[in-house]
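Heads up, the thing below is written out as structure tokens.
The values are calculated or read from the model by the stated rules, or taken from the named source; none is laboratory data. The shown structure was predicted, so the numbers you read here are calculated from the model rather than taken from an experiment. So basically every Cβ, Gly included, is an ideal-geometry build from the backbone, and we count neighbours across all protein chains shown.
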Amino acid sequence: MVPGCIVLMGTFLAFSNAFLSYRDILKKDLIYSFSGRIVGTLISVPLILLTIGTKSFLIIFGVLLLITVFLSAKKWNLKATIKNITIAGMCSGFMGTLTGVGGPPMAIVYQNSTAKNAVATLNMFFGIGALFSVFVLAYIDLITIREVMRCLLLAPGVVVGLILGRQTIVKNYANTNLKKLILIVCFVSAVLVLGQAFIEF
């Protein structure tokens, strides 16, 4: 089952953060990353329509993510080059449409970048990319009015999170611990993805 509500909420959250930090966005990076995102999203659609399912993909994504986190923790110096950004964008579109978890590939690429630019650029990327996924999923009737209503119930929590995230103490911590935070989030994401896969099996 494709998590339409997660994709919808991710769209709202990402756009909200992106517009609050618009001047820090790296516009050139968006062109390459979003080009990859479109390709990855389009590749995922036939898999959904053919009802292949997402269980196997969840396991693959989870394992690959754990390996990437391990290598990064061992001083793997991955940089946000045009090639890496494009590939990460494609993986993000593919993963995000199939499982609702498309953030880790892009986050890993920006782990050694400046916090304010990385956060602003990633949020705009996720916002545009998730919106594209919403249109695709809505077109094949996997996002309905029912999903939208569920999102409205979750919206207050997202707003509270946005307010807390704009506090100076939170920003300062993120600036000095960006890579550590990215690796922790990616590790937790991998564990949750694998857990979801085994539960569904």
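Values computed for the structure shown
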| read-out | value |
| --- | --- |
| Residues that are crowded, with 20+ Cβ neighbours inside 10 Å and modelled with pLDDT of 85 or more, drawn from region 38-56 | G40 |
| Close pairs (7 angstrom Cβ cut-off, 6 or more residues apart or separate chains): surrounded by 13 or more Cβ atoms within 10 Å (Cβ to Cβ) in region 183-194, polar (S, T, N, Q) and assigned to a helix (DSSP H, G or I) anywhere | L183/S72; V193/T99 |
| Sole residue being in contact with a helix residue (DSSP H, G or I) (Cβ under 7 Å, 6 or more places away or on another chain), at pLDDT 85 or above and either loosely packed, with under 12 Cβ neighbours inside 10 Å or small (G, A, S) (or both), chosen from A120, A130, A197 | A120 |
| Residue in region 166-175 that is closer than 22 Å to I85 by Cβ and touching a residue at least 24 places away in the same chain (Cβ under 8 Å) present | yes |
| Counted residues, region 13-31 - those being assigned to a helix (DSSP H, G or I) and surrounded by fewer than 19 Cβ atoms within 10 Å (Cβ to Cβ) | 10 |
| Filtered residues of region 9-46 (kept if of a type in the set (G, A, S) and either at positive phi or touching a residue at least 60 places away in the same chain (Cβ under 8 Å) (or both)) | G10, A14, S16, A18, S21, S33 |
| Some residue of region 82-103 being at pLDDT 85 or above and of a type in the set (K, R) | yes |
| Meets criteria (within 22 Å of S21 (Cβ to Cβ), at pLDDT below 85 and surrounded by fewer than 16 Cβ atoms within 10 Å (Cβ to Cβ)) for L162 | yes |
| Residues satisfying the stated conditions in region 133-146, i.e. surrounded by 17 or more Cβ atoms within 10 Å (Cβ to Cβ) and β-branched (V, I, T) | V134, V136, I143 |
| Scope region 93-115; condition closer than 14 Å to I182 by Cβ and either in contact with a Pro (Cβ under 9 Å, 6 or more places away or on another chain) or not β-branched (V, I, T) (or both); matching residues | G103, P104, P105, M106, A107, Y110, Q111, N112, S113, A115 |
